[in-house]
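**Student:** Just passing along the structure, written as structure tokens.
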Amino acid sequence: MKAFSSFSSVLTIGAAVGYLLYSPTGLAQSPSEQDLVKQGDYIARASDCMACHTTKEGKPFAGGLVLKTPFGKIVSSNITPSKKFGIGGWTETQFANAVRKGSSPRLGHLYPAMPYTAYAGLSDRDMHALYVYFTKAVEPVEKEPETKTALSFPYNIRFAMVGWNMLYASGRPMADNESTPDGSRRGEYLVKVLAHCGTCHTPRNKFMAEKSSDFLAGNPNIQGWVAPNITSDNISGIGGWSEEEIIAYLKNGAAHGKAQAAGPMAEAVEYSLRYLTDSDLKAVATYLKTVKPISNLGQTKANHSYNQAIAVDSAVFDYPIDRSPLAMGAGSSIDGQRLYLNACATCHQPRGEGTEDQFYPSLTSNSVVGAKDPRNLVMAILYGVDRQTNDGHVFMPGFAEQLSDEQITAIAQYVATNFGNPALKVTINDVKLLRNASR
Amino acid sequence: MATQYDADVIVVGSGAIGSNAAYALASQGKSVIILEAGEWIPRWKIVENFRSSARKGNHDDPYPDAPWAPVSFSPGYIENTGSFAFLPGMLHLVGGTTWHWAAATWRLLPNDMQMKSLYGVGRDWPVTYDELEPWYVKAEYALGIAGSDTEDQSGLNPDTSYPPRSAPYPVPPEAETYYFQRLKARIEPEGYPFIHEPNARTNQPWDGRPGCSGNNNCMPVCPIGAMYSGDVHARHAQKAGAQILTDSTAFKLEKGEGGKIVAVHCRSAKGVDRRLTARYFIIASNGLETPKLLLMSDVANSSDLVGRNLMDHTGIGLQFLADEPLWPGRGQVQQGAIFRLRDGAFRSQHSAIKHALTNTVPNRAITEHLLKKNIVGPELDKQIRHMAARWVDISTVFEQLPHLENRVQPSTTRKTSNGIPMMKIHYDPDDYIKAAVPIAKQDFANFVQIMNGTVIEDNTGFQNRDHIMGTVIMGDNHRNSVVNHECRTWNHPNLFMATTGVFPSASVVNPTLTGIALALRSADIIAREV
């Protein structure tokens, strides 16, 4: 029964099985090659190659995903072993240069949407496994992605990346013995290299390079979402989270009483992090606790520490309405409380406590609601939450089509004021910008 | 003759059936206008209207009852002249009446479509189950139907899957409630097959809808939008380019040369009229308003069958207290059906029978029952607690046959505030279903006995089931029917009906899914012609 659960999961499972079992030569693989394929598959998962190189409807690693950047759109490439359209004709050295240095035999200099500055640290051992995996176990797709990268001048000149690379791409492969699952720097390796957490969570300078001095201190705009500070700072970062909470978050996208993953982080959980072994997840959590604490300017209270809803008398939940036909058909109210009670409280409950099992999470003790920046709260209301986890499919519907900008502003403000950070101010411009940004 | 049209296709009605047809056309690049008498109302507002109402048993109540677009329970909207008060709960708003259905989405059985040739009663369909099957699949995936791929939905052959399907259900069946489990465990062994009811209350994320979390409020409104309602495809159609005109009640179809329909005239609440032209017209205004519009326009009626052959799954009910707590009211408002007599040779003699397990939180019904007996104070609380745990509610339906005299017509005496005739209905339950009543009542007695129960009510008389069929009936020639197997009117090649009103036979299962499947098929035919 479960296999029929939905179209998308059928496709995902089918695709996964497809590329795991595919053997282009039809020859039996030697045991050591099988081990390498397995290892390479794990590295590809941990590095989340799929998130960018596969579209929702497309074949695994066939590329075609459009990444919107401030300079135009960048389209991910076909990295299947197609000789004509993918990496099929590449030597291992060429493959390694593309992954570590952003230098492609077909395209020349890659744009750093490909996180090669992080992958530069990939160990030789893992690089070999990754190469074997992509050349031997991935099904070739004999097709170029339909959309083409289109950047504005001067960013459309790939050669310009040479200077950029000299400045910002200087990483060296981590030694095999340090980076293996029982290696001395496994956690750092996972965070910095494979999971490339800094790609989203480290702020960038004006040349779009990660500011290494602010490692994991947060990035205010990842496709409209804020990638928060995840340094070990007790107030601004995740210093107040237990290792168990970090692990639960990485695995299922939810740490009760702390935060839930949505947007690009939900994708990271869905496509990558939930596949990590328990020992790797622990290594990540342990390492994150050691990352240099960086505090956000002026922040004195952790986002998740707003744990009390403003007391509201139950009587306010029960109110008479105008029952004239026109009033009953008019859905344009911008009364945040009325909107919250009738559009949100069925799941999140009238006092924002969520359900007892936190299947519907609390809005109190919630990093998004306790933040000073309203963006993730507004994004969640506009576009909802959607992530496959090892613990089921988590879904909140988006309200962009059903509520106006004014109404979403009112709900977000009501939620922040009553369940979170009263200093959080939501303006209609926040909502307008985010609605347009994601179009 | 004008060559400029306002749209390729105009769809009259934005309910589940019309909106699915409109979306199918718009997504193929056709220009589509949808006319809707009511308004867009966001879910939160309907939830508020419901929560603040004192009439929670009236499932039309949370919806605006505008004098120009009344809900069906509005006094005078339907005038009855027959022996039975035919009064289904119908709504006027974008998305239509599926805002408050319980989302049962059975397929017909192949035999349901061959009543005349197999059993010598009623009519055959001019389309076969096999022809309809791929469209059932499309409809099921559009709505995200939760269903069992392993059950025989005829109830006849356990351990087989029936009727035949070319694709699995998109969503697995929801877990069985304790109420269902206990009744099944005790009643099924006595010869009463319990079958999972396929339904459009998805239990996992589907097409922007969350999974059902058991608010037990399918009627009158799902507070979280897990249950499918027609506004989903109204929005999809709009996104695909269709234009939805609200406050636009169609009141006249205008005939042109060559038997074609050239325009539809619609009217606003304030009485402002508009004339809109199109290449094709789809009337999807439910099984009552659709024939009314045709009759008012004097179109498609060379057979004199428009509005006739009105059918519902006219039924009866049973309420009793079981000897053990069953905790009804958890999960969705209905789950499963008992099919001992869904199909068989007996259908030449009497109607098939479906017993459906109602699972609505029973406190309101119990309290009303106790108050009528003047039970008040602490005793009232005590008895509510006792009875609410043990309440069993069975909703039984029969298969009415088509009869010419059961009909809907425009009212000659009553109009909406903007001057559009309301309707008059004549409906008598027929001998075919009356012959099944004693059998159903024997089943009731058996259920009560098996559950060692105490009867609360086992003599309800006939009840409405809100499944309107037959009024623009489908057939194999222009003398015996209004539309052909494509749901195209015999008289007007560019006029299609998208409503359960086209059904030539009623079966005993909820008709909406079949209505959507037929409409998707019609839309496909139209798309190839415009």
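The values are calculated or read from the model by the stated rules, or taken from the named source; none is laboratory data. Keep in mind that this is a model prediction, so the values were computed, not measured. When we count neighbours, we look across all protein chains shown, and the Cβ atoms used for this are built from the backbone with ideal geometry, even at glycine. Surface accessibility is based on the protein's heavy atoms, side chains included, excluding ligands, DNA and RNA. Shrake-Rupley method; radii C 1.70, N 1.55, O 1.52, S 1.80 Å.
**Student:** Of all the residues that make up region A:214-225, how many are at pLDDT 95 or above and surrounded by fewer than 20 Cβ atoms within 10 Å (Cβ to Cβ)?
**Tutor:** Selection size over region A:214-225: 2.
**Student:** With (1) open to solvent by 20 Å² or more (accessible area, probe 1.4 Å); (2) facing chain B (nearest Cβ under 9 Å) as the list, and A:Ser367 as the residue in question, which single condition is left unmet?
**Tutor:** Here A:Ser367 clears every test but (2).
**Student:** Of all residues in region B:381-410, which are closer than 27 Å to B:Leu253 by Cα and out of contact with any helix residue (DSSP H, G or I) (no Cβ under 9 Å at 6 or more places or on another chain)?
**Tutor:** Passing the criteria: B:Pro402, B:His403, B:Leu404, B:Glu405, B:Asn406.
**Student:** Also, quick follow-up: Suppose we filter B:Ala185, B:Ala167, B:Ala175 for residues that are over 30 Å from B:Val221 (Cβ atoms), open to solvent by 20 Å² or more (accessible area, probe 1.4 Å) and not in a helix (DSSP H, G or I); which single one remains?
**Tutor:** Only one candidate passes the filter, namely B:Ala167.
**Student:** Just wondering, is there one or more residues in region B:99-111 that are within 14 Å of chain A (Cβ to nearest Cβ), within 30 Å of A:Tyr340 (Cβ to Cβ), free of Cβ contacts under 8 Å to residues at least 24 places away in the same chain and of a type in the set (A, V, I, L, M, F, W, C)?
**Tutor:** no
**Student:** Right, next: List the number of the failed condition for B:Arg274; all other conditions in (1) of a type outside the set (S, T, N, Q); (2) out of contact with any Asp or Glu (no Cβ under 7 Å at 6 or more places or on another chain); (3) in contact (Cβ under 8 Å) with a residue 40 or more places away in the chain hold.
**Tutor:** In the conditions (1) of a type outside the set (S, T, N, Q); (2) out of contact with any Asp or Glu (no Cβ under 7 Å at 6 or more places or on another chain); (3) in contact (Cβ under 8 Å) with a residue 40 or more places away in the chain, B:Arg274 misses (3) alone.
**Student:** List every residue pair whose Cβ atoms lie under 8 Å apart, where the two residues are 6 or more positions apart in sequence or sit on different chains, the first residue falls within region A:242-264 and is outside any strand (DSSP E or B), and the second residue, located anywhere, is open to solvent by less than 20 Å² (accessible area, probe 1.4 Å) and of a type in the set (Lys, Arg).
**Tutor:** Listed by first residue and then by second, the contacts come to A:Gly253/A:Arg387; A:Ala261/A:Arg387; A:Ala262/A:Arg387.
**Student:** Now for a different question. Within 14 Å of chain B (Cβ to nearest Cβ) and either open to solvent by 70 Å² or more (accessible area, probe 1.4 Å) or among the polar types (S, T, N, Q) (or both): which single residue out of A:Asp318, A:Asp278 fits that description?
**Tutor:** A:Asp318
**Student:** Further, regarding this structure: Does region A:361-390 hold any residues that are part of a loop (DSSP other than H, G, I, E, B), touching a Gly at 6+ places or on another chain (Cβ under 9 Å) and not small (Gly, Ala, Ser), and which are they?
**Tutor:** A:Pro361, A:Leu363, A:Thr364, A:Asn366, A:Val368, A:Val369, A:Lys372
**Student:** Give the residues of region B:149-158 that are crowded, with 17+ Cβ neighbours inside 10 Å and part of a loop (DSSP other than H, G, I, E, B), sorted by residue number. Show your work before the answer.
**Tutor:** Initial filter on region B:149-158 (crowded, with 17+ Cβ neighbours inside 10 Å): B:151-155.
Correct list: B:Glu151, B:Gln153, B:Ser154, B:Gly155.
**Student:** A:Ala400 is checked against (1) under 26 Å from A:Ile310 (Cα atoms); (2) under 22 Å from the mean Cα position of the chain (by Cα) and fails just one. What number does that condition carry?
**Tutor:** For A:Ala400, the exception is condition (1).
**Student:** Moving on to the next point. Can you say whether B:Ala146 is of a type outside the set (Phe, Trp, Tyr), away from every other protein chain (no Cβ under 14 Å) and open to solvent by less than 40 Å² (accessible area, probe 1.4 Å), as far as the supplied structure shows?
**Tutor:** Judged against the criteria, B:Ala146 is not a match.
**Student:** Also, quick follow-up: Consider region A:87-108. How many of its residues are among the hydroxyl-bearing types (Ser, Thr, Tyr) and either crowded, with 19+ Cβ neighbours inside 10 Å or under 17 Å from A:Ser47 (Cβ atoms) (or both)? Explain how you work it out, then say what you get.
**Tutor:** Looking only at region A:87-108, we keep the residues that are among the hydroxyl-bearing types (Ser, Thr, Tyr), and these are A:91, A:93, A:103-104.
With either crowded, with 19+ Cβ neighbours inside 10 Å or under 17 Å from A:Ser47 (Cβ atoms) (or both) added as a condition, the list becomes A:103-104.
Number of matching residues: 2.
**Student:** Also: Would you confirm, using the coordinates I've provided, whether A:Thr355 is part of a helix (DSSP H, G or I) and open to solvent by 20 Å² or more (accessible area, probe 1.4 Å)?
**Tutor:** no
**Student:** Same structure, new question: With the structure loaded, tell me whether A:Thr55 is under 19 Å from A:Leu151 (Cβ atoms), surrounded by fewer than 20 Cβ atoms within 10 Å (Cβ to Cβ) and either touching a Ser or Thr at 6+ places or on another chain (Cβ under 9 Å) or at pLDDT below 95 (or both) or whether it fails that test.
**Tutor:** Judged against the criteria, A:Thr55 is not a match.
**Student:** So which residues in region A:383-418 are under 30 Å from A:Leu276 (Cα atoms) and more than 13 Å from chain B (Cβ to nearest Cβ)?
**Tutor:** A:Asn390, A:Asp391
**Student:** Which of the residues that make up region B:95-141 are small (Gly, Ala, Ser), at pLDDT 95 or above and open to solvent by less than 20 Å² (accessible area, probe 1.4 Å)? Steps first, answer last, please.
**Tutor:** Just the residues of region B:95-141 that are small (Gly, Ala, Ser), to begin with: B:95-96, B:102-104, B:117, B:120, B:122, B:139.
Now narrow it down to the ones that are at pLDDT 95 or above: B:95-96, B:103-104, B:117, B:120, B:122, B:139.
Scanning region B:95-141 gives B:Gly95, B:Gly96, B:Ala103, B:Ala104, B:Ala139.
**Student:** Can you name the residue in region A:403-439 that is closer than 19 Å to A:Lys301 by Cβ and assigned to a loop (DSSP other than H, G, I, E, B) and is also most open to solvent (accessible area, probe 1.4 Å) among such residues?
**Tutor:** Across region A:403-439, the extreme among qualifying residues is A:Lys425.
**Student:** Something else about it: Check B:Leu404, B:Leu380, B:Leu370 and return the single one that is modelled with pLDDT of 95 or more and part of a loop (DSSP other than H, G, I, E, B).
**Tutor:** Result of the check over B:Leu404, B:Leu380, B:Leu370: B:Leu404.
**Student:** Something else about it: Out of (1) in a loop (DSSP other than H, G, I, E, B); (2) more than 14 Å from A:Gly86 (Cα to Cα); (3) aliphatic (A, V, I, L, M); (4) at pLDDT 95 or above, the odd one out for A:Leu130 is which?
**Tutor:** (1)
**Student:** For region B:1-45, which residues satisfy the criterion of being aliphatic (A, V, I, L, M) and modelled with pLDDT under 95?
**Tutor:** From region B:1-45, those aliphatic (A, V, I, L, M) are B:1-2, B:7, B:9-12, B:16-17, B:21-22, B:24-26, B:32-35, B:37, B:41; that's our starting set.
Those that are aliphatic (A, V, I, L, M) and modelled with pLDDT under 95: B:Met1, B:Ala2.
**Student:** Restricting to region A:321-352, and then to whatever is aliphatic (A, V, I, L, M) and in a loop (DSSP other than H, G, I, E, B), can you tell me which residue is nearest to the other protein chains (Cβ to nearest Cβ)?
**Tutor:** Looking at residues that are aliphatic (A, V, I, L, M) and in a loop (DSSP other than H, G, I, E, B), I get A:Ile321.
**Student:** Between a first residue in region B:501-515 that is farther than 17 Å from B:Gln153 by Cα and open to solvent by less than 10 Å² (accessible area, probe 1.4 Å) and a second residue that is part of a loop (DSSP other than H, G, I, E, B) and among the small types (Gly, Ala, Ser), which pairs have beta carbons less than 8 Å apart while being 6 or more apart in sequence or on different chains?
**Tutor:** So the pair list comes out as B:Gly501/B:Gly470; B:Phe503/B:Gly470; B:Pro504/B:Gly122; B:Pro504/B:Gly470; B:Pro504/B:Gly475; B:Pro504/B:Ser481; B:Ser505/B:Gly122; B:Gly515/B:Ala498.
**Student:** Here is a further query. So the check is Cβ under 9 Å with 6+ separation or different chains; which pairs have a first residue in region A:46-59 that's assigned to a loop (DSSP other than H, G, I, E, B) and a second one that's aromatic (Phe, Trp, Tyr)?
**Tutor:** A:Ser47/A:Tyr119; A:Asp48/A:Tyr271; A:Thr54/A:Phe61; A:Thr54/A:Tyr271; A:Lys59/A:Tyr19
**Student:** Can you tell me which residues in region A:67-101 are among the basic types (Lys, Arg) and either in a strand (DSSP E or B) or under 19 Å from A:Leu194 (Cα atoms) (or both)?
**Tutor:** Correct list: A:Lys68, A:Lys73, A:Arg100, A:Lys101.
**Student:** Regarding region A:286-298, can at least one residue be identified that is open to solvent by less than 40 Å² (accessible area, probe 1.4 Å), assigned to a helix (DSSP H, G or I), modelled with pLDDT of 95 or more and within 14 Å of chain B (Cβ to nearest Cβ)?
**Tutor:** Among the residues of region A:286-298, not one is open to solvent by less than 40 Å² (accessible area, probe 1.4 Å), assigned to a helix (DSSP H, G or I), modelled with pLDDT of 95 or more and within 14 Å of chain B (Cβ to nearest Cβ), which makes the answer no.
**Student:** Could you check region B:39-51 and list, in sequence order, the residues that are open to solvent by less than 20 Å² (accessible area, probe 1.4 Å) and either over 26 Å from B:Ile282 (Cβ atoms) or more than 7 Å from chain A (Cβ to nearest Cβ) (or both)?
**Tutor:** Filtering region B:39-51 down to residues open to solvent by less than 20 Å² (accessible area, probe 1.4 Å) leaves B:41, B:44-49.
Across region B:39-51, the qualifying residues are B:Trp44, B:Lys45, B:Ile46, B:Val47, B:Glu48, B:Asn49.
**Student:** Here's a check for you: in region B:188-230, which residue that is open to solvent by 20 Å² or more (accessible area, probe 1.4 Å) and not in a loop (DSSP other than H, G, I, E, B) is nearest to the other protein chains (Cβ to nearest Cβ)?
**Tutor:** Step by step, filter region B:188-230, then rank; the result is B:Trp206.
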